[in-house]
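The structure under discussion appears below in the form of structure tokens.
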Amino acid sequence: VVSSLSPSLTGLFDDNAIAYFTPDDEHDLARRILELHDDPAKAERMARAAHEVYDRYRWENARRDYIGVHEALAGIQVATAEPKGDPA
């Protein structure tokens, strides 16, 4: 993954997961793209690292944390059913 340097991303993904380039710098963008093109193993490692971070924040995984916070704040334990099948 190649992205412009952005605080919203750097707070979640380190430079082992995303090849950041300087915003508005097309030469830096090209350099980062070529860097990954020329090193497919590095590109694969970075893609796996980015996917691991993404997985932590997917709703399917994050909702357990949100429910736990609400339960702790309310001092209760809410029974939650796992969704079954595709809702569509």
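Readers should treat all values here as calculations from the given coordinates under stated rules, not as data from a laboratory. None of the values given here were measured: they were computed from a predicted structure. Cβ coordinates were reconstructed from backbone atoms using ideal geometry, including for glycine residues, and neighbour counts include every protein chain displayed.
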### Query
Based on the Cβ-Cβ distance of Arg58 and Ile33, what FRET efficiency does E = 1/(1 + (r/R0)^6) give at R0 = 35 Å, to the nearest 0.05?
0.85
### Message
Restricting to Cα pairs below 8 Å that are 6+ residues apart, what does the relative contact order work out to for the chain? Please round to a whole percent.
### Response
24 percent
### Message
For the chain, place one equal point scatterer on every Cα, skip the solvent, and apply the Debye formula. What is log10 of I(q)/I(0) at q = 0.25, 0.26 Å⁻¹?
### Response
-1.19, -1.24
### Query
Between the helical axis of 59-74 and the dominant principal axis of the chain, each derived from Cα atoms, what acute angle in degrees is found, rounded to the nearest 10?
50 degrees
### Query
Using every alpha carbon pair in the stretch 1-48, what percent of pairs falls into each 5 Å bin from 0 up to the bin containing the largest distance?
5, 24, 32, 23, 14, 2
